[in-house]
Amino acid sequence: MSRQPIIGYALASGGARGSGITGAMKVLEQAGIRPSVIAGTSIGSLVGAAHATGLSVERVEQEWLETDVGRVLRGFLPSNPRAGLSSGNELRKYLVELLGERSIEDLEIPYAALACDVDTGEAVTLTSGSLPDAVRASCAIPGVFHPVRWSERILVDGGLVEPLPVRTCRELGAEYVIAIDICPRPHPTTTQVRDLWSRIGEQMRSLSEQSWVPASLGDLLARLGEESENHVRPLPGVYSVLNQSIAILQQELLRQKMVLHPPDVVIRPDVRMSIMGYFQAAEGITAGEAAAEAALPEILEKLGHP
């Protein structure tokens, strides 16, 4: 009987999309697939840490579903704006409640959190020391949370340099890497507005053809309908442009990283969420389940599962 390869999970950054990771892990576990090593970046580091401490997927799923406005606001509670909107102290308190005040090296599953050295731009792999602090550093979104002091380094969100830590997963000993990618993707910024003008144009043309509409008014409505149909696409707002720019940069970085360090399989939940997605966890979990179910036949075949 051939030996099953050492399975590793590489868990991506992606903020509120992290619920998709939990949905995917739930399906994999139900199929009898469990990781021997875990590497995570940003929200992926948090979900991965919860699993590495022995919390069940069901418990992590419940944490997502119970996320409310109060919890999110506490996590992003403004404090000293000099180094970031929030000190991250409330986030750390939550991490201690969830994970316990323990060290990474004491975990049963080899685990790594990825952060970024803000002085050098290097990816920093955290495989020892305080687990809550490591996750807190990996999740330290620049400008939102204060950076984290780690020995002589100052660390911020690992998604800046290592959005999907496949390389680290291999370094931990993984022979078969399952990557769960929830990184944001570029998408049309003003689709809904274009659709609105198209619908307005259709309604105006329809009215112009009604027998009870005077001819002069009908001609006017027809012309307005044509103008609406040919309406120039409006420019997206500054928030949309900034978000789109970040998504483009991260996708290009991810593409290059995947060429250098390809996983054995990639699960990509179809989740498109802003920070408000923390209140839409059920949708993210469902998307993760669907993506994992689609990838499951390939995974089971490669691992030799029945």
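Ranked from the most accessible area to the least, with a 1.4 Å probe and all protein chains present, what is the order of F279, F145?
Solvent-accessible surface, decreasing: F279, F145.
Counting only the heavy atoms of the protein chains, how much of E171 is accessible to a 1.4 Å probe, in Å² to the nearest 10?
120 Å²
Using a 1.4 angstrom probe and counting only protein chains, how large is the accessible area of V238 in Å², to 10?
For V238, the solvent-accessible surface is approximately 110 Å².
Residue by residue through the stretch 27-44, what is 3J(HN,Hα) from phi via Karplus (6.51 cos²θ - 1.76 cosθ + 1.60, θ = phi - 60°)? Round to whole Hz and write x for glycine and proline.
For the stretch 27-44, the Karplus curve yields 5, 4, 5, 5, 8, x, 9, 9, x, 9, 9, 9, 10, x, 10, 6, 4, x Hz.
Using Cα positions and a limit of under 21 Å, work out the lysines in reach of K302, with same-chain residues fewer than 8 apart set aside.
K26
Give the long-range amide H neighbours of G129: residues separated by 5 or more places, or on another chain, with amide H under 5 Å away, using H modelled in the peptide plane at 1.01 Å from N.
Placed amide hydrogens put I104, E105 under 5 Å from G129.
Could you sort L65, L300 by accessible area so the largest value comes first, with the probe set to 1.4 Å?
L65, L300
Can you sort M258, M25 by 1.4 Å-probe accessible area, starting with the largest?
M258, M25
Can you give the FRET efficiency to the nearest 0.05 for A247 and A294, using r as the Cβ-Cβ distance and R₀ = 25 Å?
0.65
Any chance you could look up the accessible area of Y278 with a 1.4 Å probe, heavy atoms only, rounded to 10 Å²?
40 Å²
The values are calculated or read from the model by the stated rules, or taken from the named source; none is laboratory data. Bear in mind that the values here come from a model prediction, so they are computed numbers and not experimental data. Backbone-built Cβ (ideal geometry, glycine too); neighbour counts: all protein chains shown. The accessibility values were calculated without ligands, DNA or RNA, using every heavy atom of the protein model including side chains. Shrake-Rupley method; radii C 1.70, N 1.55, O 1.52, S 1.80 Å.
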